[in-house]
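A short worksheet on the structure shown next.
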Amino acid sequence: MSNPVFAQSKRDPESVNDLPQLKGELTLYLGRGEGGLYENVLDAIQKRNPELTLTIRRGATAALANAIMAEAKAGIQKADLFWAVDSGAIGVVADNGQGQALPPSLTDLLDTSFQYPNWAPITGRIRTLPYNPSRVSADKIPDSVLALADTDLKLGWAPAYSSFQSFLTAMRIQEGDKVTGEWLKAINAKATKYAGELGVVMAVERGEVDLGFANHYYTLRLKAGKPDANVQLAFTKDDAGCLVNASGVMALTEGDLPINFVRYLLSKEVQSYLAREAYEIPLVNGIEPPAGIPPMTELSPPDIDLSKLSDLRPTLRLMRQTGVL
Amino acid sequence: MKNRMNSLVCAGAVSLMAAMFSPLAAANGAIGDHVNDMKAHMDQYTQEVNWIIGKIDGIVDRYEEKGQKAAKAETVVDIWEEVDFHSAIETNYVPIYASIWQGLFGIKGKIDAKAPVADVRAEQEKLEQTLWQALGAVRLAAHYQAQNLLPEIQTTEKEPTTPVETVDDISHRLDRVVAKYAEQLSDVATTLVHDTYLYRFEGIEGMLIEKDAKLVTDMEKYFNVTLPLAIKDNKSVDEVRSVVEEMKTKLERARTLLEEVEKERKDVF
């Protein structure tokens, strides 16, 4: 089974063994990521390329995006690269016209739905429906996230969680504010609230609720530590319930060096490392996803421009209006 | 306190010392260069502590003699913010810094409530003890700073780059939550809790889930419910501190687990 949204590209992934040595100076602005794993990747690239002088400025993703745009306005170019856990912030900078065009030889490495002209998604995280198989069978779970509002299933959610709000933003873009608001009200009336999405997954596993809303990695990590955990993953089709959000990188200065640096991040070694250690979804063709997630070609994420997910304000307003927050 | 600190440091626990003296930039207000040369300023700090004690004594005396209005208890904040010692303790030992604010507002609160003078004097005595304790902590920090055993105090925030550094950073931020709450800056304290969860804990929770999922759900509840609610409900500083201490105990376990994770991790290439 395949879908047009998640069609694989034809290029095989590149190995770092085939990439050119990086020589020269680069300044990377690094938005906060997976607790040190991005740092490990950068350390490894630096060690492999002793003639590269890599300067890293770390900070909150949105703050760095603002800094990049402010520097450009002032005629200053400090950053050569911007790597952020949130593609929305990348999109804001891209919309400001600051990303260098990426060559097709690079973008072709990515799944076709993740090919953007001036930034490259690195790895993804997918919205899922963790469910308790002792309480609900897979065939009773609708493949539409909107339809969940009309079921008798006992639901769990963490609406204050940032990834949930990105998912809701995607729903607003796809379905509009009216439909999203009605859905929110219906779910709010029946769902149990948790502080975070791991809490949702744990509640599903305990049988406190039948099904929840959560990013994929919570369930995978829980099952890695507790293989007999009583929780499975379901996916909706072609809607925000199956949104794949991504971390991303963009080259801000011209030349081969920043582009070749991006190639390292898209190498099969880095992609495999992030899939293995961070349970992130590799977005380069031919790399195995973390165990427990179907191949991306079997999933049906919505066709949404990820860079449009940056503005959460209308979503938060809607959540307040409906009494969710 | 000083003896306890000395015995710890003499045991060669330089890293532990770094954890006790946390040279972080203050979240608000300018930090003078003096904080990176505290030994040269110890006489000044001592004079300032004596000056504060005298000023506070004057407030309580006025309260005793002329009543609440004449006491001008609201000036406790100005008195404390007047001195360089303020940033010396804030950048080196946030828990005592929080206790000083707690003591200052303890006196102000009693006077505002027109409490018996004996009650105000009791608060005053507690504050004086805290100030001397703070001076002792700064003196000890100055001693080790002079031996280059403490990192330079940063005037801008430094991002942690490893999971263990992140745990230490979370712990220091939680101390600051208590300090800001003791300063009666509840909104600042709440924002700090929220930011610490979003920009720090979320970065390490994924690694912890495999090792101890319950620990992560407990911490999520502390960050998103227990601590913000304690602040919102205007619990006492001691109660908020107690929540933070429980969180820090759990963070110690997180630290151990993350060290294990890092040891087991395979190389990127």
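The values are calculated or read from the model by the stated rules, or taken from the named source; none is laboratory data. Just so it is clear, the model here is predicted, and its values are computed rather than measured. Don't worry about glycine lacking a Cβ; one is built from the backbone with ideal geometry, like all the others, and counts go over all protein chains shown. SASA here: full protein model, heavy atoms, side chains in, ligands and nucleic acids out. Shrake-Rupley method; radii C 1.70, N 1.55, O 1.52, S 1.80 Å.
Details
- Calculated [θ] (222 nm, deg cm²/dmol) that DSSP helices of n ≥ 4 give over the protein assembly as shown, each run adding -39,500 (n - 2.57): -16000 deg cm²/dmol
- With all protein chains modelled, accessible area of B:Trp51 [1.4 Å, Å²]: 100
- With at most 13 neighbouring Cβ atoms within 10 Å, loop trypsin sites (Lys or Arg not before Pro) (DSSP) excluded, longest segment of chain B: B:1-113
- Accessible area per residue, Å², chain B with all protein chains present, probe 1.4 Å: 47
- Bridgeable aspartates and glutamates around A:Lys193 (alpha carbons under 12 Å apart, same-chain partners fewer than 8 residues away excluded): A:Glu208.
- Separation of alpha-carbon centers, region A:219-291 and region A:118-158, rounded to whole Å: 19
- Around the Cα centre of region B:160-269, unit charges on the Cβ atoms of Lys, Arg, Asp and Glu (plus for the first two, minus for the last two) sum to a dipole of about 120 debye.
- Sequence of B:Asp37, A:Asp150, A:Asp239 from largest to smallest accessible area, 1.4 Å probe: A:Asp150, B:Asp37, A:Asp239
- For A:Trp119, the solvent-accessible surface computed with a 1.4 Å probe is close to 10 Å², ligands and nucleic acids excluded.
- For chain A, with +1 on Lys and Arg beta carbons and -1 on Asp and Glu, the positive-most of A:Leu155, A:Thr236, A:Leu306 along the dipole: A:Leu155
- Relative contact order %, chain A, counting alpha carbon pairs below 8 Å whose residues are six or more apart: 30
- Calculated Rg and Dmax of the protein assembly as shown using C-alpha coordinates, Å: 26.8, 88
- Region A:253-325: Cα Rg divided by the 2.2 N^0.38 Å rule of thumb: 1.56
- Its relative contact order, with pairs defined as Cα atoms under 8 Å and 6+ residues apart, puts chain B at 21 percent.
- Cross-link reach is defined here as a Cα-Cα straight distance under 17 Å, omitting same-chain residues fewer than 8 places apart; for A:Lys23 the aspartates and glutamates meeting it are A:Asp43, A:Glu51, A:Asp80, A:Glu254, A:Asp256.
- Taking amide H as placed 1.01 Å from N in the peptide plane, the amide H of A:Ala214 sits under 5 Å from that of A:Thr128, each at least 5 places away or on another chain.
- Taking all protein chains as shown and a probe of 1.4 angstrom, B:Glu64 keeps an accessible surface of around 100 Å².
- Against the rule of thumb 2.2 N^0.38 Å, how large the Cα Rg of region B:163-264 comes out: 1.04
- For region A:153-284, the alpha-carbon radius of gyration amounts to 1.27 times the rule-of-thumb value 2.2 N^0.38 Å expected for a compact globular protein.
- Positive-end extreme of charge dipole, chain B - chosen from B:Val177, B:Pro160, B:Gly206 (charges on Cβ): B:Val177
- Loop-located GluC sites (Glu not before Pro) across region A:33-132 with a Cβ neighbour count of 12 or fewer within 10 Å are A:Glu51, with loop assigned by DSSP.
- Restraint check, A:Lys78/B:Lys158; A:Lys78/B:Lys180; A:Lys154/A:Lys178; A:Lys190/B:Lys250, Cα-Cα greater than 26 Å: A:Lys78/B:Lys180; A:Lys190/B:Lys250
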